[in-house]
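Mind looking over this structure? Questions follow.
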């Protein structure tokens, strides 16, 4: 495809690699792009662990960015040690709210969270568009907010590159994801519902509230992606401030198999694709959109190969995908064979 | 006098509503088939996008919008075949594969658009469809212009809704489709080829999504812009759910969403002091409200989302 554009693919890949890992600055740039992807990847993964499909991370990210920007711009005169956590909390809560709504609709009315998270994404983007052209627009021509207060900006951790403190937050989020899911009763409930909602209910876990709150937490993760992007990179809210980090999060969560380290690795990989893709676009004029094609192919190949593996025991449907809950499907239609397994774990 | 002004306004509004609803219900007809056969296809968005670009490329190089539409349908068919291979033969997760198709659609169309038309400030000029008045019927007051002064693709869409309804509920093959969606094993037992039925439904779905995309770029919007489908593929899926997996229901739901779209444009033009972003939210909010209010009563086919494995429990 790249060759079709009259550009040598090797040269394009050369730019891609150089842009991703060529020097210190490129590596930093890769990590800068990976930070929001870690959060959105965790967002998809967290919902996935509960048997839910969150494809609305982009919208949750926008709401998180909006809330963070408001706190960052309008709360003045407090030290960074308070300002930054406050702005991050606002971002988390806004994202969580955006996840909670489809979560409650799913839990209470059984409405598919897939369609609702998508609809909420469009609503969030339009809402941010309204806010930056109206209520919180800075004086002047541009549809954007004023710069956030210096006390809210995340410090650079590797000058002169753009790498910022968000990297540490991203790593903390990965750790939190792991601790919550595998170290707390709540995380156990989330995973139990994800594996088999009916069995979880039989074991005394209420699937409804668990699902709703899991989607809220997932939204919160995505909201933090927006927060870090605002406080660490953009410093102000713009209409289209995310180049699709939320959508990429789906690929990150999938490729990372919804595990903490897997998500981290996948986020760095897609961060490299983005950083390299930008350099490639500048260098040889291949549009960054090519990386969507790359992502799609990776998803198809990775996921399809999971299913194509020779299955042990022909009689067991789903034996080839035992590691990750078959989100949504398993939750809605519990397979009989999983009941005993789940019950023994809880006993 | 005043009456006729009001009537004209209403009639204009309805015409716009049908125009806006068309890409949604055309795609929805395809989604009814996949849905009924037990497949959730969220990849209609990406398929439509590829159809949109294919239609523009086809119309540009072959000269007529009709040819462009055929190219769009062909591309849709190929995407449908690919999707069917992934979810029916490989048995991969339908949601994930649908998402991949969407990403592929977004990336491939943006890239190919630049490959074919280079990067220029002037968008390529293509001949689009123009409206065709149905004799006599278009003279019906109020409803006439809405339903009978549209571009031919819209009529084709209406006909296909009827055909889809007939096929699904009045033919043996339609019964097979519904059986496969409800209880694939039982269908298999009575000699229905489950995999073939699902393949066929995916192909129909792809074809319709391609057609809807073609209508979008050659009828409604005249030209291709990046990510121009803008959620219509997902709204079509919502219309199918809202319309209870029935082509007529999906058509009604699509018309409702189209009316929301048209209303938003009208209110904006009329200078209502509601920021336009809130108007643009209308179809999305409407979709959520519709699903929350009615989905409790509408039940998806029982085998939805589950791949069918012939060799089974001992």
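The values are calculated or read from the model by the stated rules, or taken from the named source; none is laboratory data. All of these numbers come straight from a predicted model, not from anything done at the bench. No Cβ is skipped: glycine too gets one built from the backbone with ideal geometry, and neighbour counts run over all protein chains shown.
Would it be correct to say that residue B:180 is without any contact (Cβ under 8 Å) to a residue 24 or more places away in the chain and either farther than 29 Å from residue B:127 by Cβ or within 14 Å of chain A (Cβ to nearest Cβ) (or both)?
no
So residue A:162 ticks every box in (1) modelled with pLDDT under 95; (2) in a helix (DSSP H, G or I) but one. Which box is left unticked?
Among (1) modelled with pLDDT under 95; (2) in a helix (DSSP H, G or I), the lone unmet condition for residue A:162 is (2).
When residue B:197 is evaluated against the numbered criteria (1) in a helix (DSSP H, G or I); (2) in contact (Cβ under 8 Å) with a residue 24 or more places away in the chain; (3) surrounded by fewer than 21 Cβ atoms within 10 Å (Cβ to Cβ), which criterion, by number, is the only one it fails?
Result: residue B:197 passes all but (3).
Related question: So residue A:111 fits all but one of (1) touching a residue at least 40 places away in the same chain (Cβ under 8 Å); (2) crowded, with 18+ Cβ neighbours inside 10 Å; what number is the exception?
(1)
Another question about this same structure. Across the stretch B:92-130, what is the total count of residues that are at pLDDT 90 or above and farther than 21 Å from residue B:207 by Cα?
Qualifying residue count, the stretch B:92-130: 0.
Can you name the residue in the stretch A:29-72 that is assigned to a loop (DSSP other than H, G, I, E, B) and within 14 Å of chain B (Cβ to nearest Cβ) and is also surrounded by the fewest Cβ atoms within 10 Å (Cβ to Cβ) among such residues?
Once the filter is applied, the top-ranked residue is A:53.
Within the stretch A:101-124, track down each residue that is within 9 Å of chain B (Cβ to nearest Cβ) and closer than 30 Å to residue A:144 by Cα.
Matches in the stretch A:101-124: A:101, A:102, A:115, A:116, A:118, A:119, A:120, A:121, A:122, A:123.
A further question on this structure: Name the residue, out of B:92, B:72, B:54, that is within 27 Å of residue A:114 (Cβ to Cβ) and within 14 Å of chain A (Cβ to nearest Cβ).
B:92
Within the stretch A:276-293, can you find the residues that are surrounded by 19 or more Cβ atoms within 10 Å (Cβ to Cβ) and facing chain B (nearest Cβ under 10 Å)?
Correct list: A:286, A:287, A:288, A:289, A:290, A:291, A:292, A:293.
Could you tell me which of the residues A:171, A:88 is in contact with a helix residue (DSSP H, G or I) (Cβ under 9 Å, 6 or more places away or on another chain), surrounded by fewer than 23 Cβ atoms within 10 Å (Cβ to Cβ), in a helix (DSSP H, G or I) and more than 14 Å from chain B (Cβ to nearest Cβ)?
Values: A:88 fails: surrounded by fewer than 23 Cβ atoms within 10 Å (Cβ to Cβ).
Only one candidate passes the filter, namely A:171.
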